[in-house]
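J.: What follows is a structure written as structure tokens; I'll ask about it next.
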Amino acid sequence: MATNPSALPHGDSRGTILGHPKGLFVLFFAEMWERFSYYGMRALLIFYLTKHWLFSDEQSGIIYGAYTALVYITPVVGGYLADRYLGQRKAVLFGAVLLTLGHFFMAFEGEPAAGNADNPVIYVFWLALALIIVGSGFLKANISVIVGQLYPRTDARRDGAYTIFYMGINLGAAIGSLLCGYIGETYGWGYGFGLAGIGMLLGLAVFVWGKPLLLGRGEPPRPLEKGREYSLYGVGLVLVAVCWALIQFQEVVGVLLGVFGLALVSFVIFTAVTKLDREDRDRIFAAMFLIVTSIIFWALFEQAGSSLNLFTDRYVDRGGVPASTFQSINAIYIILLAPVFATLWTVLGRKGLEPSAPFKFGLGVVQVGLSFLVLVWGAQAAGVDVPTPVIFIFLIYLFQTTGELCLSPVGLSAMNRLAPAHMASLIMGTWFFASATGNFAAGMIAAATGAEGVGEEAGKTVVLDVYTTVGWVGVGVGVVVLVIAPLIKKLMHLDTLRDNQDEELAGYKEVGEREAAGMFPERETKPSRKPI
């Protein structure tokens, strides 16, 4: 059945809960369980690579970086196929099935081995990662779009709906990291990954059960024949095969990101210079500046699941608490601090003091850089030869979370507002490519922290040296961004920015949810506001 928005019943027609359509809570719980499974698996992945498959820290960091980079590329495909052919509901359902299979395949351990063909189960592991990568691409690009479809554009409840929805994301991320991490490290990898799979299965069940409450939202944009529908699922399976190969040859992922990223940026700049008027060209330059800045931020921020996870396991006085459970801290901070930041920006905005988007980006990069310097200072103050006090792990995540809340909610809304309508999809693709590049760069930084065979104290010193370097780089880049923020803001030409709400890329704000827990819907994106 094709979607005819004007013929669909009102989102409230099946009743409401807390003043919102029941369909919102179907999406809330489906996404909560999906994030439970994703972050539960993520909390264990670097330990599974190093302790079970016996990959070196360097190899594990690169694998982890390639995996998270691919997670950012596939939503471009999943979103495109849903917008043009499948519709969001079928795409989410297909993605949920792939994710469920992927998480359950992760539970097949086999015997510990040095990550090679001596143990054929390693190929099941690669398949599991590929299924999760593609499943995330189909689900993440589309489920939050359906949230917006439950409400008219002018419905004042939309912001509240996204607040509820993103609370589900962060609840799932926090609980998944705690439970799957604890069970996986305490009772066995298979149990932790199996619990993640059960979580994903619950999410799938909720989504299937709740279909009537979605009231026809997310259906194909035009009639879809069964043959074509199955062929689209076939495209998804081909993509699984491609990712299965790429995740085994991580250097190819890096090359592809470099080549296609450079080509994409060159094309965007060429188009801006040759085909746009002065103001639109300047806005594209401002958008590209923010995109490049975001690469640096995510390269540092995404140490959380890899090198910082290993550092917590090896060099921190945790009091016997499994290291993977500390992955929940970011999501818990988001739950606590996101309303504070939303209120802060609103209050500052009313007084005409709200920082511009470039300034917020600079604040974010400075804070993520400072987070590493705080950890290094704490470790050195306590003594490199003794375990680092756990308070500094809480502090590094606090600085990273406040930095994320300055940068992440601004990014997608800024991209949409700065890009001319006919270039919106191109700019979105560039943004996601930059996110993927940042994640791959994070894997390379994590690889540089590897120091097996040199002793515990020397190994800790290597990690701290790398963290010192990236910390100062982050602070330095952030300060530069803060200094030139007024110039970038001037390039945005906010005074002549017109409202293109009817032409905006469908679901731009919704797909902007970062794979990292913590994307919070920006409340300051209404065109009447000057700061972005």
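J.: Can you name the residue in the stretch 69-123 that is charged (D, E, K, R) and outside any loop (DSSP other than H, G, I, E, B) and is also most open to solvent (accessible area, probe 1.4 Å) among such residues?
T.: So the residue we want is R84.
J.: Which of the following residues is touching a Phe, Trp or Tyr at 6+ places or on another chain (Cβ under 6 Å), under 26 Å from G78 (Cα atoms) and either surrounded by 17 or more Cβ atoms within 10 Å (Cβ to Cβ) or β-branched (V, I, T) (or both): G218, G199?
T.: G199
J.: Determine which single condition W126 fails, assuming it passes every other condition in (1) open to solvent by less than 30 Å² (accessible area, probe 1.4 Å); (2) at pLDDT below 90.
T.: (2)
J.: Based on this model, can you work out whether A421 counts as over 20 Å from T293 (Cβ atoms), open to solvent by 40 Å² or more (accessible area, probe 1.4 Å) and in contact with an Asp or Glu (Cβ under 8 Å, 6 or more places away or on another chain)?
T.: The answer is yes for A421.
J.: Would you check if S356 is open to solvent by less than 10 Å² (accessible area, probe 1.4 Å) and in contact (Cβ under 8 Å) with a residue 24 or more places away in the chain?
T.: So S356 fails the test.
J.: Filter the stretch 268-304 down to the residues that are more than 23 Å from P358 (Cβ to Cβ) and touching a residue at least 60 places away in the same chain (Cβ under 8 Å), then identify the one that is surrounded by the fewest Cβ atoms within 10 Å (Cβ to Cβ).
T.: If we take residues in the stretch 268-304 being more than 23 Å from P358 (Cβ to Cβ) and touching a residue at least 60 places away in the same chain (Cβ under 8 Å), then A304 is surrounded by the fewest Cβ atoms within 10 Å (Cβ to Cβ).
J.: Let me ask something additional. Could you check the stretch 249-269 and list, in sequence order, the residues that are within 13 Å of T430 (Cβ to Cβ) and more than 20 Å from the chain's Cα centre (by Cα)?
T.: Within the stretch 249-269, F260, L262, A263, L264, V265, S266, F267, V268, I269 meet the criteria.
J.: Go through the stretch 260-278 residue by residue and tally those that are in contact with a helix residue (DSSP H, G or I) (Cβ under 6 Å, 6 or more places away or on another chain) and under 19 Å from K489 (Cα atoms).
T.: 1
J.: Right, something else. Identify all residues within the stretch 40-58 that are open to solvent by 10 Å² or more (accessible area, probe 1.4 Å) and either outside any helix (DSSP H, G or I) or within 30 Å of S144 (Cβ to Cβ) (or both); write none if there are none.
T.: R42, L54, F55, S56
J.: Output yes when any residue across the stretch 399-413 is among the aliphatic types (A, V, I, L, M) and surrounded by fewer than 24 Cβ atoms within 10 Å (Cβ to Cβ), and no when none is.
T.: Within the stretch 399-413, none of the residues are among the aliphatic types (A, V, I, L, M) and surrounded by fewer than 24 Cβ atoms within 10 Å (Cβ to Cβ).
J.: Does P339 satisfy the condition of being exposed (fewer than 14 other Cβ atoms within 10 Å of the Cβ) and within 26 Å of the chain's Cα centre (by Cα)?
T.: So P339 passes the test.
J.: What are the residue pairs meeting all of these: first residue in the stretch 155-167, first residue within 13 Å of I334 (Cα to Cα) and surrounded by fewer than 15 Cβ atoms within 10 Å (Cβ to Cβ), second residue acidic (D, E) and at pLDDT 75 or above, Cβ atoms under 6 Å, and 6 or more apart or on different chains?
T.: none
J.: Related question: Across the stretch 424-436, which residue is surrounded by the fewest Cβ atoms within 10 Å (Cβ to Cβ) among those that are of a type in the set (S, T, N, Q) and over 14 Å from the mean Cα position of the chain (by Cα)?
T.: Among residues in the stretch 424-436 that are of a type in the set (S, T, N, Q) and over 14 Å from the mean Cα position of the chain (by Cα), the one surrounded by the fewest Cβ atoms within 10 Å (Cβ to Cβ) is S425.
J.: Here is a further query. Report whether or not G188 is modelled with pLDDT under 95, on the phi > 0 side of the Ramachandran plot and either open to solvent by less than 60 Å² (accessible area, probe 1.4 Å) or of a type outside the set (D, E) (or both).
T.: Yes: the conditions hold for G188.
The values are calculated or read from the model by the stated rules, or taken from the named source; none is laboratory data. Quick caveat, the model's predicted, so the values are computed rather than measured. Cβ coordinates were reconstructed from backbone atoms using ideal geometry, including for glycine residues, and neighbour counts include every protein chain displayed. Areas reflect the complete protein model, heavy atoms only, side chains present, ligands, DNA and RNA absent. Shrake-Rupley method; radii C 1.70, N 1.55, O 1.52, S 1.80 Å.
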